[in-house]
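Q: Can you read through this structure? Questions will come right after.
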Amino acid sequence: MPEDNLEKFAPLFPELSLSPEEKYQIEPFFTNLERSVFVVPFLPPEMIGALCSRTSRAKEDLRMIFLNEFIKPFLADKSEYSEALSSLVEFLHKYPLELIFSNPKGREFYIKWLAQYGDDSIAQMAGTHLLFSGISQIAIKHFEDMRVGIAPLEKSTRYLDYSSKVNGKYLYYADPTLAEMGLMDEYRTAMDNLFDTYALLGKEFLEFLKKKYPDEKELVLKTKAFDTLRGLLPTAALSQVVFFANGQALEYALSRSLKHPLGEIRWAADAAFHELTRVVPAFLRRLESDASKEYQEYLAGRGARIREVVKELKLDANVDKSEWGVKLVEYDKDGENKILAALLYPETHEPFEKILGKVVKLSEEEKEQLLARAIRGRTARWYKIPRAFEMANVAFEITMNIGAWRDIHRHRMQTQMRQRFSVHHGYHVPEELIEAKLDNKFRAAIEKVEGVFYKIESKDKNLAQYAVTLAHRLRFLQRQNMRAFMWESELRTIPTGHPDYRKIEQEKVKLIREVYPLLGKFILADMQDYAFARRDTQSEIEKKEQELRDYFEKLK
């Protein structure tokens, strides 16, 4: 199945430094210790959940964290658990995972009912954890574009330092095709300059923050520095990511990746296939069929087919540069009435159309009373609002920096459609860097990358996406129902959120309050600004929650 020389697309991977004893202690718990892609087949749910949850703050490979935090301390304490753990390690060495996982009944069942008869629903009944120690933001977002059956968690760019090197090289992806284009040296120079600037400004900006906030904790200031400077990181930056997915989602993830135009994504899919077949081969059996290969070609070629039409219509003749901001491009003018009618619907036996007709005739005061009584008691944002709010849909076109967009992208159940990563919409310069008089170095590093981007784009639009930074702006569409909107806007405006996406969500709230003033009264969004993302700040949401408590109390 793999194409020739696919390994040439593998990202830079720092090999694990393990003694023979350490290797013996953790080898049975992972499908390999030598490669950057691996599966965790044999750990209790709480243990694997705790390990994978470390991803967002993990500086090391998760296998090293497992060794140092989950194995070594307990093997050394000579407790009953230590004895059991040691015995388990010995047992798994004697009976390797391929043998343990090859139960004939289970495997034959899935080969028959999934691979042969196509009963896809049964592939949702089990899943596994797939980990990548280092793939680019481009590849990560490709896999995270999936909505159903997959749960990702990746290394944070807000809380961790990305300036480290491996064998004298910064951790970013360099596609070998760039060498064939004669652009590899120029690309590497621009990338290295980004990371050099990131490391330099990290020190200079931290000193600025210490002088400006002398009473603030250094850990908070370091986080602020990473947070502010992450825009210098390229989309080629390598990061650790873990996916928990059921069998159906894993099959689709590989189907949409094995023939992808980008070599890194093809390599990642093939490497994942190799590791997953050691644990769940029956789930992936169909991938090697002729029908599946045709499907893979269909998925991979869709972009190229559409680009032919774009070229024919000359849609990219003059790129319309978009500044930061939000546009409400669609909303249901009867949305509030539909939500109110849907609230009443389960408690009646009348058809929806008839209920809606009665709601339309209610006064504004009666409508407000109905809505207030339906959600009376909702005085905290984590209280779920009724499903009736899904009856109204809104759509936004948003332009924001890629770094902050990554958090909005996590709301995967909504309809999100983005344009390719590019430099066409400019980039965001943090106000704090301007204040610290460090913005010129920031701009110079980014503009050097832009020159490389245009050269690559003239030859390959997909490949050019690697020569983009997290500071560059991205334009995308987001379509969501009002239930999803309220969850997202209330979550993403809290004081601990990033200021860049908080501003976007606040703009969305303002637009919705204009078109849905009744619903707007009950949105628990924090419309304040905060210098630091932090947990110890009295937020506007808490004040709004108290206002609602008082309001609901009057209804009684």
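The values are calculated or read from the model by the stated rules, or taken from the named source; none is laboratory data. Remember, it's a predicted structure, so these values are computed and weren't measured experimentally. Positions of Cβ are backbone-derived with ideal geometry, glycine not excepted, and every protein chain shown enters the neighbour counts.
Q: Any idea which residue in region 348-369 is nearest to LEU518 (Cα to Cα), counting only those that are touching a helix residue (DSSP H, G or I) at 6+ places or on another chain (Cβ under 7 Å) and in a helix (DSSP H, G or I)?
A: Ranking the qualifying residues of region 348-369, first place goes to GLU368.
Q: For GLU83, state whether it is closer than 19 Å to LEU238 by Cα and without any contact (Cβ under 8 Å) to a residue 24 or more places away in the chain.
A: In short, no.
Q: Looking at TYR298, TYR331, which one is surrounded by 12 or more Cβ atoms within 10 Å (Cβ to Cβ) and touching a residue at least 40 places away in the same chain (Cβ under 8 Å)?
A: TYR331
Q: So, one more: Among the numbered criteria (1) under 18 Å from the mean Cα position of the chain (by Cα); (2) in contact (Cβ under 8 Å) with a residue 40 or more places away in the chain, which one does LEU433 miss?
A: The number of the failed condition is (1).
Q: Could you please let me know if PHE226 is touching a residue at least 60 places away in the same chain (Cβ under 8 Å) and touching a Lys or Arg at 6+ places or on another chain (Cβ under 7 Å)?
A: Taking the combined requirement at face value, the residue satisfies it.
Q: State whether one or more residues within region 251-261 are without any contact (Cβ under 8 Å) to a residue 12 or more places away in the chain, within 24 Å of GLU7 (Cα to Cα), in the same structural domain as THR128 (by TED's automatic domain parsing) and acidic (Asp, Glu).
A: Checking region 251-261: not a single residue is without any contact (Cβ under 8 Å) to a residue 12 or more places away in the chain, within 24 Å of GLU7 (Cα to Cα), in the same structural domain as THR128 (by TED's automatic domain parsing) and acidic (Asp, Glu).
Let's see how each residue does on (1) of a type outside the set (Gly, Ala, Ser); (2) under 26 Å from ASP175 (Cβ atoms); (3) buried (at least 17 other Cβ atoms within 10 Å of the Cβ):
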| residue | (1), (2), (3) |
| --- | --- |
| MET391 | yes, no, yes |
| HIS409 | yes, yes, yes |
| MET417 | yes, yes, no |
| ILE434 | yes, no, no |
| LYS441 | yes, no, no |
| GLU447 | yes, yes, no |
| PHE453 | yes, yes, yes |
| LYS459 | yes, yes, no |
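Q: Enumerate the helices (runs of 4 or more DSSP H) found wholly within region 40-99, keeping only those where 2 or more residues are under 25 Å from VAL241 (Cβ atoms) and assigned by TED's automatic domain parsing to the domain that holds THR128.
A: It comes to 45-53, 62-65.
Q: Within region 478-512, how many residues are closer than 13 Å to VAL326 by Cβ and in a helix (DSSP H, G or I)?
A: Number satisfying all stated conditions: 16.
Q: Going through region 157-179 one residue at a time, which ones are surrounded by fewer than 17 Cβ atoms within 10 Å (Cβ to Cβ) and either within 13 Å of the chain's Cα centre (by Cα) or of a type in the set (Asp, Glu) (or both)?
A: ASP161, the sole residue that qualifies.
Q: Within the bounds of region 201-218, is there any residue that is out of contact with any strand residue (DSSP E or B) (no Cβ under 8 Å at 6 or more places or on another chain) and within 30 Å of PHE38 (Cβ to Cβ)?
A: Scanning region 201-218, I find no residue that is out of contact with any strand residue (DSSP E or B) (no Cβ under 8 Å at 6 or more places or on another chain) and within 30 Å of PHE38 (Cβ to Cβ), so the answer is no.
Q: Which members of region 381-439 meet the condition of being assigned to a loop (DSSP other than H, G, I, E, B) and either hydroxyl-bearing (Ser, Thr, Tyr) or within 18 Å of ARG147 (Cβ to Cβ) (or both)?
A: TYR383, HIS409, ARG410, HIS411, ARG412, MET413, GLN414, SER422, listed by residue number.
Q: Something else about it: Sort through SER102, SER86, SER53 and tell me the only one that's surrounded by fewer than 18 Cβ atoms within 10 Å (Cβ to Cβ) and at pLDDT below 90.
A: None of the other options fit; the residue is SER102.
Q: What are the residues in region 358-414 that are acidic (Asp, Glu), touching a strand residue (DSSP E or B) at 6+ places or on another chain (Cβ under 7 Å) and under 30 Å from ARG158 (Cα atoms), if any?
A: If the condition is that a residue be acidic (Asp, Glu), touching a strand residue (DSSP E or B) at 6+ places or on another chain (Cβ under 7 Å) and under 30 Å from ARG158 (Cα atoms), then GLU397 is the only one that fits.
Q: Hey, another quick one. I'd like to check something: does region 234-254 contain any residue that is among the polar types (S, T, N, Q), more than 19 Å from the chain's Cα centre (by Cα), farther than 21 Å from GLY134 by Cβ and at pLDDT 95 or above?
A: no
Q: Additional query: GLU308 is checked against (1) at pLDDT 95 or above; (2) of a type in the set (Asp, Glu); (3) surrounded by fewer than 12 Cβ atoms within 10 Å (Cβ to Cβ) and fails just one. What number does that condition carry?
A: (1)
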